[in-house]
Amino acid sequence: MSTKKILVVDDEAPIRMMLIQSLIRHGFEVEEAADGYEALNKIADSMPDLLLLDWMMPGMTGIDLVQKIRRDDVSKELPIIMLTAKVDESDQIKGLDWGADDYMTKPFSPRELIARINAVLRRSNSVKAEDLIIHGLLELDGGSHRVMVGEWLVELGPTEFKLLRFFMSNPEKVFSRNQLLDRVWSRGSFIEERTVDVHIRRLRKALEPFSVEGYLQTVRGSGYRFSINNA
């Protein structure tokens with residue numbers, strides 16, 4: 001298996017060095033950037049396998065950088081873990097809403113960091129080619145990693161694509177948040193239940209312009225279901 005490359009973005013040199021040393025000890029190739037602008041240049045020059053990103057940076061914040069990455073066709077599927085001293089749940093939800101795949105609050109242990117990185121990389125690499133899945137107006141092609149509504153392309157992040165693929169492969173069935181964590185994120189991925197709600201909300205927002213967000217239904221007290229009936 002090839003060595004995974006991590007780009008560490010933090011404006012504080014001592015923190016970057018601590019992260020770099022820990023990552024190298026665990027077999028990762030590491031690059032560093034002191035701000036968002038340098039990070040964008042590094043990404044354009046050579047795409048990393050994962051971005052480890054500080055939230056609070058001068059000039060371009062971590063959230064600003066996430067938004068730029070998600071708007072770019074080349075980098076939009078880059079896995080991102082945000083690091084921050086913010087502890088409020090609303091901040092965590094904001095980070096996930098803007099496109100981060102995971103979120104860690106400082107201080108954290110090196111063991112937890114490596115476990116989180118490995119979990120995100122596993123999810124990122126687990127999307128496999130499947131036959132075309134069609135339900136109602138939605139067409140999902142696992143081979144080309146595209147979702148279409150008629151001639152229109154639906155822009156989805158990697159987690160939202162995997163979540164929609166799972167739902168479309170199991171129509172009319174109700175899944176609890178815990179079941180979705182096990183089936184979509186996999187066990188031991190350190191993801192909390194409310195993260196499912198965040199990604200469901202992001203998926204619905206992506207489907208909304210095509211009037212198919214109703215295919216993803218909330219079943220009160222039970223979880224979520226994909227159905228083209230009564231949508």
* Structure fact -> Pairs returned, first residue in region 203-231 that is farther than 15 Å from S169 by Cβ and in the same structural domain as N178 (by TED's automatic domain parsing), second residue that is assigned to a strand (DSSP E or B) and among the basic types (K, R), beta-carbon separation under 7 angstrom, 6 or more apart or interchain, are Q217/R225; V219/R225
* Asked: Which residues, taken from region 10-30, are in contact with a helix residue (DSSP H, G or I) (Cβ under 7 Å, 6 or more places away or on another chain) and closer than 19 Å to A115 by Cα?
  -> S22, H26, V30
* How many residues does region 75-94 contain that are touching a Gly at 6+ places or on another chain (Cβ under 8 Å) and at pLDDT below 70? -> 0
* To do: Among residues belonging to region 107-134 that are outside any helix (DSSP H, G or I) and at pLDDT 80 or above, point out the one that is farthest from I20 (Cα to Cα).
  => I134
* Asked: Among the residues of region 48-76, how many are of a type in the set (V, I, T), outside any loop (DSSP other than H, G, I, E, B) and either farther than 15 Å from S124 by Cβ or not assigned by TED's automatic domain parsing to the domain that holds V120 (or both)?
  -> 2
* Asked: Out of curiosity, is A13 more than 19 Å from S124 (Cα to Cα), surrounded by 22 or more Cβ atoms within 10 Å (Cβ to Cβ) and not aromatic (F, W, Y)?
  -> no
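Could you list all residues from region 54-68 that are among the aliphatic types (A, V, I, L, M) and closer than 14 Å to L96 by Cα?
I63, L65, V66
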* Structure fact -> R165: passes all of (1) in a helix (DSSP H, G or I); (2) out of contact with any strand residue (DSSP E or B) (no Cβ under 8 Å at 6 or more places or on another chain); (3) among the charged types (D, E, K, R); (4) at pLDDT 90 or above but (2)
* Asked: Is it the case that P79 is in contact (Cβ under 8 Å) with a residue 40 or more places away in the chain, more than 18 Å from the chain's Cα centre (by Cα) and surrounded by 14 or more Cβ atoms within 10 Å (Cβ to Cβ)?
  -> no
* Please work out which residue is nearest to S109 (Cα to Cα), limiting yourself to region 16-49 and to residues that are out of contact with any strand residue (DSSP E or B) (no Cβ under 9 Å at 6 or more places or on another chain) and aliphatic (A, V, I, L, M). => M18
* Asked: Taking into account only those residues within region 32-47 that are in a helix (DSSP H, G or I) and among the small types (G, A, S), which is surrounded by the most Cβ atoms within 10 Å (Cβ to Cβ)?
  -> A39
* Asked: Condition test on I114, is it touching a His at 6+ places or on another chain (Cβ under 6 Å) and not assigned by TED's automatic domain parsing to the domain that holds K205?
  -> yes
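The values are calculated or read from the model by the stated rules, or taken from the named source; none is laboratory data. Everything quoted here is computed from the prediction, not taken from an experiment. Cβ atoms come from the backbone with ideal geometry, glycine included; neighbour counts cover every protein chain shown.
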